[in-house]
Amino acid sequence: MPGPLESLNVVEFAGLGPAPLAGQLLADLGARVTVIDKVSLPVDPHDVNRRGKRSIALNLKSDDGKAVAQALIAQSDVLIEGFRPGVMERLGLGPDACPDTLIYGRMTGWGQTGPLAQVAGHDITYLATSGALSLMGSADLPPKPPLNLVADYGGGTMFLLYGVLAAIISRGVTGKGQVVDAAMIDGVPAMMGLIHGLMGQGEWSARPGSNWLEGGAPFYRCYRCYRCYRCADGRDIAVGALEPQFYALLIKGLGLNAKDLPDQNDRSAWPAMSQRFADVFAQQGRAHWAQVFEGTDACVAPVLTLDEAAAHPHLTQRGTYLDVNGRRQAAPAPRFGGTPTCATPAPTAPGADADAVLGGLGFDTDAIAGFRKSGALT
């Protein structure tokens with residue numbers, strides 16, 4: 001069955017990271033996404049970000065290639081690009097050259113304006129500059145970035161999608177499209193409302209390793225090494241018992257007596273409590289602790305590998321992971337009651353859908369042959 005975005009036409013200019021994921025997530029929900037690639041290549045069956053998309057490879061420096069791109073843009077509701085500011089303008093495909101109904105989604109690290117707009121960067125660069133990375137360490141260790149999930153995909157992809165879909169709603173009222181300037185350096189701080197609020201209340205210290213959520217609390221990971229608790233078999237357990245009622249269940253599961261322990265939020269006692277908890281967890285293997293806490297509200301969970309996660313009963317029942325032609329990947333999310341998404345198709349090769357795309361734009365076989373001859377199709 002079609003997804004909730006089945007009426008949406010999207011043109012995506014091939015790039016890296018956050019922009020391709022944005023296109024994939026739109027395609028997962030039923031949008032018709034066409035990627036403009038630079039060159040035709042063999043299919044990469046592992047490139048999950050290309051699933052559900054069509055592709056045409058164009059030489060955008062040729063007049064014919066640019067004309068095809070313009071025709072494709074003219075039939076689209078949304079454009080997604082992740083180049084440095086000015087690149088699309090130099091190609092003659094900037095917002096001013098596009099229909100005024102188009103939602104023009106621009107994905108960058110630093111944004112379209114500002115002194116660093118033309119400077120290169122990566123997830124860790126924006127995480128560091130935003131101030132967020134300084135909170136992801138411990139008292140005696142440097143900060144540890146959480147893969148590239150926060151800036152690239154949280155502050156980047158998700159805010160691009162948020163902006164694009166908001167602009168679509170606005171267009172329904174005004175009839176006009178607009179540029180969406182999605183910058184990771186803006187998105188990361190926007191996700192830190194809770195932290196800024198706690199700081200304002202004096203409940204959060206700028207000193208890493210002394211707070212609830214970044215390793216300071218013994219009931220939320222481990223103070224000394226900013227890691228989860230290690231079990232007797234070398235496997236790990238994640239602990240997130242923040243609320244008092246959950247903390248009580250953690251203490252009970254560990255076989256400890258709350259009367260023998262300091263107050264849960266006595267920060268001066270946290271290092272010693274962390275060591276106490278670490279010693280207890282180290283006495284049994286991960287499977288033991290998983291069984292002790294399974295089904296409870298203690299917020300204690302075994303740290304699973306990706307293979308183990310795919311086989312977990314809850315994820316299996318919900319179909320969280322899919323097998324597409326023998327390759328594991330996540331199912332489309334979120335889920336919809338009235339417009340459920342369809343089965344996830346395998347990725348196609350860059351340039352593989354040129355004839356279908358051009359035919360859909362109204363070009364006949366002679367015109368398509370002419371594009372190939374002129375080098376507009378690569």
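Within the range 213-226, track down each residue that is at pLDDT 75 or above and hydrophobic (A, V, I, L, M, F, W, C). L213, A217, F219 - these are the residues of the range 213-226 that are at pLDDT 75 or above and hydrophobic (A, V, I, L, M, F, W, C).
Here the condition is being part of a helix (DSSP H, G or I) and either outside the structural domain of K144 (by TED's automatic domain parsing) or free of Cβ contacts under 8 Å to residues at least 24 places away in the same chain (or both); of A217, A238, A232, A290, it holds for A290 alone. Filtered by the rule that a residue be part of a loop (DSSP other than H, G, I, E, B), surrounded by 16 or more Cβ atoms within 10 Å (Cβ to Cβ) and either among the hydrophobic types (A, V, I, L, M, F, W, C) or free of Cβ contacts under 8 Å to residues at least 24 places away in the same chain (or both), the range 243-287 gives L254, L261. Of all the numbered requirements in (1) touching a strand residue (DSSP E or B) at 6+ places or on another chain (Cβ under 8 Å); (2) of a type in the set (G, A, S); (3) not assigned by TED's automatic domain parsing to the domain that holds R106, A14 misses one, and that requirement is (3).
For the range 147-154, check the following and say yes or no: at least one residue is free of Cβ contacts under 8 Å to residues at least 60 places away in the same chain, under 13 Å from A22 (Cβ atoms) and in a helix (DSSP H, G or I). Within the range 147-154 (the criterion being free of Cβ contacts under 8 Å to residues at least 60 places away in the same chain, under 13 Å from A22 (Cβ atoms) and in a helix (DSSP H, G or I)), the answer is yes, since at least one residue qualifies. Selection within the range 293-317: residues that are in contact (Cβ under 8 Å) with a residue 12 or more places away in the chain and closer than 30 Å to T344 by Cβ. The member of this set that is surrounded by the fewest Cβ atoms within 10 Å (Cβ to Cβ) is L306.
Can you find a residue that is under 22 Å from T129 (Cβ atoms) and touching a Phe, Trp or Tyr at 6+ places or on another chain (Cβ under 9 Å) anywhere in the range 224-237?
If we filter the range 224-237 for residues that are under 22 Å from T129 (Cβ atoms), which is where we start, we get 226.
Narrowing the set further to residues that are touching a Phe, Trp or Tyr at 6+ places or on another chain (Cβ under 9 Å) leaves none.
No; the residues of the range 224-237 include none that is under 22 Å from T129 (Cβ atoms) and touching a Phe, Trp or Tyr at 6+ places or on another chain (Cβ under 9 Å).
Could we say that D44 is in a helix (DSSP H, G or I), touching a residue at least 24 places away in the same chain (Cβ under 8 Å) and under 27 Å from I368 (Cα atoms) here? Full working, then the answer.
Numbers: in a helix (DSSP H, G or I): no; touching a residue at least 24 places away in the same chain (Cβ under 8 Å): yes; under 27 Å from I368 (Cα atoms): yes.
In short, no.
Are any residues in the range 113-146 outside any loop (DSSP other than H, G, I, E, B) and either touching a strand residue (DSSP E or B) at 6+ places or on another chain (Cβ under 7 Å) or without any contact (Cβ under 8 Å) to a residue 40 or more places away in the chain (or both), and if so, which ones? Walk me through it before giving the result.
Of the residues in the range 113-146, the ones outside any loop (DSSP other than H, G, I, E, B) are 123-129, 133-135, 138, 141.
Answer for the range 113-146, where residues must be outside any loop (DSSP other than H, G, I, E, B) and either touching a strand residue (DSSP E or B) at 6+ places or on another chain (Cβ under 7 Å) or without any contact (Cβ under 8 Å) to a residue 40 or more places away in the chain (or both): I124, T125, A128, L133.
Among the conditions (1) among the aliphatic types (A, V, I, L, M); (2) modelled with pLDDT under 95; (3) surrounded by fewer than 16 Cβ atoms within 10 Å (Cβ to Cβ), the only one that A166 does not satisfy is (2).
In the range 136-146 there is no residue matching the filter, namely being in the same structural domain as L79 (by TED's automatic domain parsing) and either more than 20 Å from A206 (Cβ to Cβ) or at pLDDT 95 or above (or both).
All conditions but one from (1) on the phi > 0 side of the Ramachandran plot; (2) more than 20 Å from the chain's Cα centre (by Cα) apply to C98; the one that does not is (1). Would a scan of the range 119-132 turn up a residue that is surrounded by fewer than 16 Cβ atoms within 10 Å (Cβ to Cβ) and closer than 26 Å to K61 by Cβ? Checked against the condition, which is being surrounded by fewer than 16 Cβ atoms within 10 Å (Cβ to Cβ) and closer than 26 Å to K61 by Cβ, the range 119-132 yields at least one hit. Scanning the range 88-101 for residues that are surrounded by 13 or more Cβ atoms within 10 Å (Cβ to Cβ) and more than 17 Å from A67 (Cα to Cα) returns a single hit, T101.
Quick one: would you say P2 is outside any strand (DSSP E or B), farther than 22 Å from A349 by Cα and at pLDDT 95 or above? No.
Taken as a whole, the condition of being more than 22 Å from G216 (Cβ to Cβ), surrounded by 21 or more Cβ atoms within 10 Å (Cβ to Cβ) and more than 17 Å from the chain's Cα centre (by Cα) applies to V180.
Listed by position, the helices (runs of 4 or more DSSP H) contained in the range 155-203 that have at least 3 residues being closer than 21 Å to L26 by Cβ and in contact with a helix residue (DSSP H, G or I) (Cβ under 6 Å, 6 or more places away or on another chain) are 158-174.
The values are calculated or read from the model by the stated rules, or taken from the named source; none is laboratory data. Bear in mind that the values here come from a model prediction, so they are computed numbers and not experimental data. We place every Cβ from the backbone using ideal geometry, glycine too, and count neighbours over all the protein chains shown.
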